[in-house]
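Scroll down for the structure; my scribbles are underneath it.
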Amino acid sequence: MLLRIIVGIVRAVPLDAATHLSAWCWRRLAPIINPKRHQRALENLQIAFPEKTEKEREAIALAHWENLGRVMAETMRIDQIIAEPSRLVIKNPEVFNRYASKLGPIVGASLHMGNWELAIWPLTIAGANPACVYRSVNNPYIDSYIRYTRRDLYPGGLFGRGRVEGDHDESQKTARVIMDYVRTGGRLGVVCDLYDRTGLPVPFFGKDARTVAIPVMIARRVGARIWMSRCMRVGTDSRFEIELKELRLPRTKNHGEDVKWAIAEMTRQFEEWVRELPEQWMWSNRRWK
């Protein structure tokens with residue numbers, strides 16, 4: 001009932017007004033309500049930008065909360081955003097259009113930038129029926145709502161991390177299912193910039209960060225392409241520009257080295273993107289420990 005009330009209020013006002021109000025509230029309240037995550041953001045910024053002053057890093061942290069406030073409101077209106085194509089632009093369409101009619105199996109790797117859920121949008125409008133891996137919500141009503149509002153963005157479905165189609169299970173089962181999905185020609189989106197205690201350590205802003213390996217391992221094993229994607233917010237409204245880059249996987253006799261090289265290259269690209277727009281990345285997430 002509470003979810004319905006909140007969603008009803010957010011959806012009752014114009015989209016940009018809702019996101020502006022949410023951004024204003026998050027910038028001012030998030031550091032107070034969740035000081036632990038705010039401190040983590042500042043510590044991560046210290047690792048990434050030791051040359052900046054404390055005041056400069058604090059400004060980036062507050063701007064990142066503001067962006068997350070906008071994302072929170074947009075989360076309840078994803079269906080409306082993709083229903084307005086003018087809000088979404090592909091920065092380099094010539095890169096993607098070259099393969100649009102012959103995509104084959106794909107793993108899409110994105111990062112928590114702008115509104116990261118929309119990073120998959122080029123595959124959606126290309127008729128590629130993408131699916132994605134997402135963090136399942138324990139409350140079945142909220143989980144069902146998330147799935148419902150994203151049905152047009154991810155027509156291929158959603159695979160819950162650690163569970164598949166609503167059944168609680170080990171994450172290995174999810175890995176097997178998504179590998180089969182990609183092997184049979186599926187297009188899968190995965191956010192790949194979080195700390196993963198079982199991941200491979202690769203440099204990120206000069207310090208090793210354990211990074212999820214499964215998406216790259218799947219692409220390497222089944223012969224899928226890897227498309228890296230970032231969704232950048234344009235201005236302060238719910239308008240976005242999506243940039244795509246293909247990561248060409250080496251396929252030598254050493255599978256492990258191929259995977260490690262690709263993960264390091266993907267992370268290097270993510271770092272470059274974050275340096276360009278640090279205020280749009282989620283600094284309050286775990287990345288190095």
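For the stretch 104-147, how many residues are in a loop (DSSP other than H, G, I, E, B) and of a type in the set (D, E, K, R)?
Let us first name the residues in the stretch 104-147 that are in a loop (DSSP other than H, G, I, E, B), namely 104-105, 111-112, 114-115, 126-130, 135-139.
Within this subset, residues satisfying the condition of being of a type in the set (D, E, K, R) are 135.
Residues in the stretch 104-147 being in a loop (DSSP other than H, G, I, E, B) and of a type in the set (D, E, K, R): 1 in total.
Taking the listed residues A41, A17, A30, A63, the one that is touching a Gly at 6+ places or on another chain (Cβ under 8 Å) and part of a helix (DSSP H, G or I) is A30, with no other qualifying. Is it the case, given these coordinates, that V222 is in contact with a Cys (Cβ under 9 Å, 6 or more places away or on another chain) and in contact (Cβ under 8 Å) with a residue 40 or more places away in the chain? In short, no. For the stretch 252-289, the tally of residues that are closer than 20 Å to A213 by Cβ, among the hydroxyl-bearing types (S, T, Y) and buried (at least 18 other Cβ atoms within 10 Å of the Cβ) stands at 1.
Quick check on my filter: what residues within the stretch 66-79 are touching a Leu at 6+ places or on another chain (Cβ under 7 Å) and in a helix (DSSP H, G or I)?
Step one: list which residues in the stretch 66-79 are touching a Leu at 6+ places or on another chain (Cβ under 7 Å), which gives 77-78.
The answer is I78, and nothing else.
Among residues of the stretch 1-26 that are closer than 9 Å to A73 by Cα, those with a beta-carbon under 7 Å from a residue that is assigned to a helix (DSSP H, G or I) and among the small types (G, A, S) at least six positions away or on a different chain give the pairs V10/A18; V10/A73; A18/A73; T19/A73; S22/G69; S22/A73; A23/G69. Look at E272 and say whether it is under 16 Å from R230 (Cα atoms) and free of Cβ contacts under 8 Å to residues at least 40 places away in the same chain. Judged against the criteria, E272 is a match.
Has the stretch 263-282 got any residue that is over 20 Å from K207 (Cβ atoms) and of a type outside the set (A, V, I, L, M, F, W, C)? Checked the stretch 263-282: at least one residue is over 20 Å from K207 (Cβ atoms) and of a type outside the set (A, V, I, L, M, F, W, C).
Counting only residues that are without any contact (Cβ under 8 Å) to a residue 60 or more places away in the chain, hydroxyl-bearing (S, T, Y) and more than 16 Å from R87 (Cα to Cα), the stretch 109-154 holds 5 of them. L249 meets the conditions (1) buried (at least 18 other Cβ atoms within 10 Å of the Cβ); (2) in contact (Cβ under 8 Å) with a residue 60 or more places away in the chain; (3) outside any helix (DSSP H, G or I) in every case but one. The failed one is (2). Residues being of a type in the set (S, T, N, Q) and within 17 Å of E74 (Cβ to Cβ): count how many of those fall in the stretch 233-289. Residues flagged as of a type in the set (S, T, N, Q) and within 17 Å of E74 (Cβ to Cβ) within the stretch 233-289 amount to 3.
None of the figures in this text is laboratory data; all of them are computed from the coordinates on show. Please read all numbers here as calculations on a predicted model, not as lab measurements. Neighbour counts run over all protein chains shown; Cβ positions are idealised from the backbone, glycine included.
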